[in-house]
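Presented below is the structure to which this report refers.
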Amino acid sequence: MIRANALPLRYSALALSLVGLIVSLPLSLWAGAGYWVAIIFAALSVLGVYDVLQRRHTVSRNYPILAHFRYLFEAIGPEIRQYFIQGDTEERPFSREQRAVVYQRAKNVLDKRPFGTLLHTYEEGFEWMSHSVTPTKIADANFRITIGKRCAKPYSASVFNISAMSFGSLSANAILSLNTGAKQGGFYHDTGEGSISRYHRQPGGDLVWEIASGYFGCRNKDGSFNADLFQKNAALDQVKMIEVKLSQGAKPGHGGILPGAKVTPEIAEARGVAVGEDCVSPASHSEFSTPEGLLEFVDRLRDLSGGKPVGFKLAIGHAWEWFAIVKAMLKTGRRPDFIVVDGGEGGTGAAPLEFINRLGMPMTEALLLVHNTLVGTNLREEIAIGAAGKITSAFNMARTLALGADWCNAARGYMFALGCIQALNCHTGRCPSGVATQDPRRGNKLDVQDKSTRVYHFHKNTLEALRNLLEASGLNHPSELGPEHIVRRISSTEISSYMDLYPFLEPGALLDGDTGHSVFDRFWDEASPDSFEPPASIRALRETKLR
């Protein structure tokens, strides 16, 4: 909950400066001395008023005068961190270097670095991209792919888009800024499970409508799915694709409750719930409970939407459950148009520590499993794959595309573009940058015109950086990236390309029963298209432990 005294505390420095000026000015005139005190308080007062009136820095608008201490520490920070605190490349969860490049690209300013890398290139786990002695020249960095080739209304998507963040998690002005930037740059904005709000609609940018277990925006009063409401929203020209959320990286397998006190009229309008009542997201869907049921639901949504691409998003947990879904595709002939792999690294959603740190498969392994399973069953050409997991730079994108993704999504990267300073207050409502809050006194100070331009520039300049990487590697499009282009250091004396480091299946290998990889050999044959239940070997193992 927002503290009642939050506003005066945030303006305390400005208030003290004004009081100091009022008190010190007559005293200095009467005593004939101490005029410098009045000058100091006057200067601080002018600075504070300027902070409140300017529109480029939300933190300064929310914390006049005090914010400048942060800027001072940012300026002298490299020396302080170098000797006393931490390095630029320590990720907690994003390093200063990672955040700085987003800020610079979002502001469309110089993003170059002097004096060589700060990374430990001979340290285990260091990764790089191989370049070519015959670089190419790419005319346009607006890289796109077609999703839903078999649909009546396929979608041409950018290879870099805004991942799922709901209105309710983010402020109204943050949503407006993201969608305005997406409209300007021609890329999509995922609604998150909070459905389509008026702030998604107003700018008119492309939307991917996420349908989660709460069926917000297409639900009956009891929380069940409402086909008529879905059809109404899905028919909007702004909605380009529909994404069924099975799980998310921040808290896979976990439902949630938005307390009634936070369910404002605007949130209730978007989600189709009652104002002031608890808004419940169940842990699982009520419309299906089996792999075949999931695919039937996907087909139903495609028909109701008039032929728009429909897919699902998931964080990988039990491998046999994912295999069961693929076996259901083979059995029924039903296919999603796309799959979004959400890494278990955690995202914008606030979650228990154990969920963020220790639940769900990280994006690299999850993407490899999904990509290889589809290749091994000859389904890969029919289904597009998106991926999300701490993507803030062109190298992050190149690495993800080389592992098998067709496009990338980012959430926290775009939050940085909005001005997020990684204060880690997302779950408290006291976000100093006005991004992750429903407090209008904070969120309304986020300037939509300025921040939407930064979102546009971050997208554009990141794709320009990707173009530079592709040209240096002798490639012409992100689709040409493969595991042979990314190399990892195994030890101080050993390196390996992804081609040799990770298992990559040959087309049809799973259908032929020839995998040679333990996870497939152990669980593929036992997975059932009819159920998400554990295979017989796992059930037997559990029974043995219970004896």
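The values are calculated or read from the model by the stated rules, or taken from the named source; none is laboratory data. Predicted model, so just to flag it, every value in this text is computed and none were measured. We place every Cβ from the backbone using ideal geometry, glycine too, and count neighbours over all the protein chains shown.
Quick one: would you say ILE267 is surrounded by 15 or more Cβ atoms within 10 Å (Cβ to Cβ) and among the β-branched types (Val, Ile, Thr)? Against the criterion (surrounded by 15 or more Cβ atoms within 10 Å (Cβ to Cβ) and among the β-branched types (Val, Ile, Thr)), ILE267 qualifies.
Just to be sure before I move on: is SER177 touching a helix residue (DSSP H, G or I) at 6+ places or on another chain (Cβ under 9 Å), within 20 Å of LYS460 (Cβ to Cβ) and either buried (at least 24 other Cβ atoms within 10 Å of the Cβ) or charged (D, E, K, R) (or both) in the structure I sent? Yes; evaluated as a whole, the condition is true for this residue. Just for region 183-209: of the residues that are at negative phi and polar (S, T, N, Q), which one is surrounded by the most Cβ atoms within 10 Å (Cβ to Cβ)? Among those residues, the one meeting the criterion is THR191.
Name the single residue that is surrounded by the most Cβ atoms within 10 Å (Cβ to Cβ) among those in region 514-547 being assigned to a loop (DSSP other than H, G, I, E, B) and modelled with pLDDT under 85. Checking each candidate, the answer is PRO535.
Here is a yes/no grid of residues against (1) assigned to a strand (DSSP E or B); (2) under 21 Å from ILE147 (Cβ atoms); (3) outside the structural domain of ALA235 (by TED's automatic domain parsing):
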position: SER284; (1), (2), (3): no, no, no
position: PHE288; (1), (2), (3): no, no, no
position: PHE312; (1), (2), (3): yes, yes, no
position: ILE316; (1), (2), (3): no, yes, no
position: LEU330; (1), (2), (3): no, no, no
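Only one of the listed residues (ASP342, ASP278, ASP299) is in contact (Cβ under 8 Å) with a residue 12 or more places away in the chain and closer than 28 Å to PHE160 by Cβ. That residue is ASP342.
Scanning region 345-365 for residues that are of a type in the set (Gly, Ala, Ser), in the same structural domain as ASN161 (by TED's automatic domain parsing) and in a helix (DSSP H, G or I) turns up nothing.
Residues that are out of contact with any Cys (no Cβ under 7 Å at 6 or more places or on another chain), outside the structural domain of MET361 (by TED's automatic domain parsing), surrounded by 15 or more Cβ atoms within 10 Å (Cβ to Cβ) and within 25 Å of ALA319 (Cα to Cα) do not occur anywhere in region 472-481. The residue list LEU353, LEU294 contains one member that is over 13 Å from MET241 (Cα atoms), within 26 Å of the chain's Cα centre (by Cα) and surrounded by fewer than 19 Cβ atoms within 10 Å (Cβ to Cβ), which is LEU353.
Within this structure, PRO503 passes the test of being part of a loop (DSSP other than H, G, I, E, B), surrounded by fewer than 18 Cβ atoms within 10 Å (Cβ to Cβ) and in contact with a Leu (Cβ under 8 Å, 6 or more places away or on another chain). From the list ALA509, ALA472, the one residue that fits, being among the small types (Gly, Ala, Ser) and either touching a Gly at 6+ places or on another chain (Cβ under 7 Å) or farther than 21 Å from SER393 by Cβ (or both), is ALA509. Scanning region 105-157 for residues that are buried (at least 16 other Cβ atoms within 10 Å of the Cβ) and without any contact (Cβ under 8 Å) to a residue 60 or more places away in the chain yields a count of 1. Where strands (runs of 3 or more DSSP E) fall wholly inside region 398-497, the ranges with 3 or more residues that are under 22 Å from ASP140 (Cβ atoms) and within 18 Å of the chain's Cα centre (by Cα) are 407-410.
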